[in-house]
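*Asks:* First the structure, then my questions, so here it is.
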Amino acid sequence: MQTSLRSVRLQPWKPALLLLLAIGLGGCDLVNSIKQKMGTGFGGHATAHPAPAAASAPPPVVDTPPPTESLPDLPLATIVKKDLQTGHYDEGEKALRHYLETHPGDHRAQSLLHQLTVDPVQMLGAPARTHTVSPGESYSTVAAHYLGDANLFLVLARYNNASNPSLLRSGATLQLPASQKRISSDADAETSATPAAVNTDAGVHSSDLSRSSDSSRAESPVQKARRLESQGVALYQQGDKDRALALLDQALTLDPKLPPSGPVSVEMRKELVANYHQRAIVLYRDQHLDQAIALWNRVLAMDPSYEPAAVYRARAIELKQRLQQY
């Protein structure tokens, strides 16, 4: 009977003993397991275990379009010099389209874009004759002389499959269309109510050029050079510097000793001298020495005191002599 009572009295201590033993042998995980099996804690109350939190759903995937390419707002003259004259036609087309978004009424930009995307043969006609490039000539001067518009340099370059219009070698043969009449550079010339009138914003009309073309047969080279310079001065004063310098370039090709007609002409020559010099440096670095020397000759003919041209010309002549020795 005593043994029975003792076992009854010791019964409440068994949970504690088991718990202490579990702590020593298995740690907290085993303790929790024993508590769950026993169903009670030391105070006789059931131990509550919170339910595991449900896994949160992953955030929805939002299909965001890639950021659009941001193009810089470049002036038209920069686009022409940086992309179009160097043969970067794809970049030039993007830059022109971006430019026209903010300058939709710029006829020259429209013309350049049209020249860049149209079929050159469709615009100019089938090739029917050739032209041998003289030293210092460019696509602008050839376009001004044969097509009546220096601004058509781009389509003429594409007409001749030029990958870099800024590099036109002396002695190269260019393909030209049959007619020497003026070809409109306007993109909408075919639907224009007055297709004969172009460049009206610059004060130059095709009718004026037609009359000058008819009278040019009776002109001497000096007279024609003076007329082209006069047209260039008018364009320069109205902000169309590229075409103005192209006309002056053509005038000086006809008469390298043509004197300036006034202060604007002097300013144009300074800018043209700088352009010649930069073009000559590019040719020199590519070892097109004859073309580079020819351009520096033109620079020094216009400005004998232009020292950079004299220095580089001497270097080019020396390099040419060295190459000829090997």
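*Asks:* Scan the stretch 304-326 and report the pairs whose first residue is in a helix (DSSP H, G or I) and whose second residue is acidic (Asp, Glu), with Cβ atoms within less than 8 Å and a gap of 6+ or a chain change.
*Replies:* 309/303; 320/290
*Asks:* Moving on to the next point. Within the stretch 227-241, track down each residue that is surrounded by 18 or more Cβ atoms within 10 Å (Cβ to Cβ) and either within 21 Å of residue 134 (Cβ to Cβ) or in contact with an Asp or Glu (Cβ under 6 Å, 6 or more places away or on another chain) (or both).
*Replies:* Looking only at the stretch 227-241, we keep the residues that are surrounded by 18 or more Cβ atoms within 10 Å (Cβ to Cβ), and these are 228-229, 231-233, 235-236, 240.
Within the stretch 227-241, 228, 229, 231, 232 qualify.
*Asks:* Condition first: open to solvent by 50 Å² or more (accessible area, probe 1.4 Å) and assigned to a helix (DSSP H, G or I). Now tell me which residues in the stretch 115-137 satisfy that.
*Replies:* 117, 121, 122
*Asks:* Another question about this same structure. Part of a loop (DSSP other than H, G, I, E, B), at pLDDT 80 or above and either small (Gly, Ala, Ser) or surrounded by 19 or more Cβ atoms within 10 Å (Cβ to Cβ) (or both) - does that describe any residue in the stretch 261-269?
*Replies:* Yes; the residues of the stretch 261-269 include at least one that is part of a loop (DSSP other than H, G, I, E, B), at pLDDT 80 or above and either small (Gly, Ala, Ser) or surrounded by 19 or more Cβ atoms within 10 Å (Cβ to Cβ) (or both).
*Asks:* Keeping to the stretch 91-114, report how many residues are free of Cβ contacts under 8 Å to residues at least 12 places away in the same chain and either under 16 Å from residue 161 (Cβ atoms) or open to solvent by less than 70 Å² (accessible area, probe 1.4 Å) (or both).
*Replies:* Start the filter on the stretch 91-114 by keeping residues that are free of Cβ contacts under 8 Å to residues at least 12 places away in the same chain, which leaves 91, 101, 104-105.
Restricting the remaining residues to those that are either under 16 Å from residue 161 (Cβ atoms) or open to solvent by less than 70 Å² (accessible area, probe 1.4 Å) (or both) gives 105.
Residues in the stretch 91-114 being free of Cβ contacts under 8 Å to residues at least 12 places away in the same chain and either under 16 Å from residue 161 (Cβ atoms) or open to solvent by less than 70 Å² (accessible area, probe 1.4 Å) (or both): 1 in total.
*Asks:* Under 8 Å between Cβ atoms, at least 6 apart or on separate chains: pull out the pairs that start in the stretch 158-170 with a residue that is closer than 15 Å to residue 137 by Cα and end on any residue that is among the aliphatic types (A, V, I, L, M) and open to solvent by 50 Å² or more (accessible area, probe 1.4 Å).
*Replies:* Taking only residues 6 or more apart or on different chains, the pairs are 166/282; 167/282.
*Asks:* I've got another one for you. Would you pick out the residues in the stretch 270-303 that are assigned to a helix (DSSP H, G or I) and farther than 26 Å from residue 132 by Cβ? Step through it out loud before you land on a result.
*Replies:* First pass over the stretch 270-303, keeping only residues assigned to a helix (DSSP H, G or I): 270-285, 289-302.
Matches in the stretch 270-303: 270, 271, 274.
*Asks:* Something else: When you check residue 294 against the structure, is it of a type outside the set (Val, Ile, Thr), under 18 Å from residue 138 (Cα atoms), surrounded by 14 or more Cβ atoms within 10 Å (Cβ to Cβ) and touching a helix residue (DSSP H, G or I) at 6+ places or on another chain (Cβ under 9 Å), yes or no?
*Replies:* yes
*Asks:* Continuing with this model, one more query. Among the listed residues 114, 98, 107, which satisfies the condition of being in contact with a Pro (Cβ under 9 Å, 6 or more places away or on another chain) and either at pLDDT below 85 or not hydroxyl-bearing (Ser, Thr, Tyr) (or both)?
*Replies:* On the way: 114 fails: in contact with a Pro (Cβ under 9 Å, 6 or more places away or on another chain); 107 fails: in contact with a Pro (Cβ under 9 Å, 6 or more places away or on another chain).
Answer to the check: 98.
The values are calculated or read from the model by the stated rules, or taken from the named source; none is laboratory data. Treat the numbers as computed from the prediction; the structure is a model and nothing was measured. With ideal geometry, Cβ positions are generated from the backbone for all residues, glycine too; neighbour counts draw on all protein chains shown. These area figures cover heavy atoms from the full protein model, side chains too; ligands, DNA and RNA do not enter into them. Shrake-Rupley method; radii C 1.70, N 1.55, O 1.52, S 1.80 Å.
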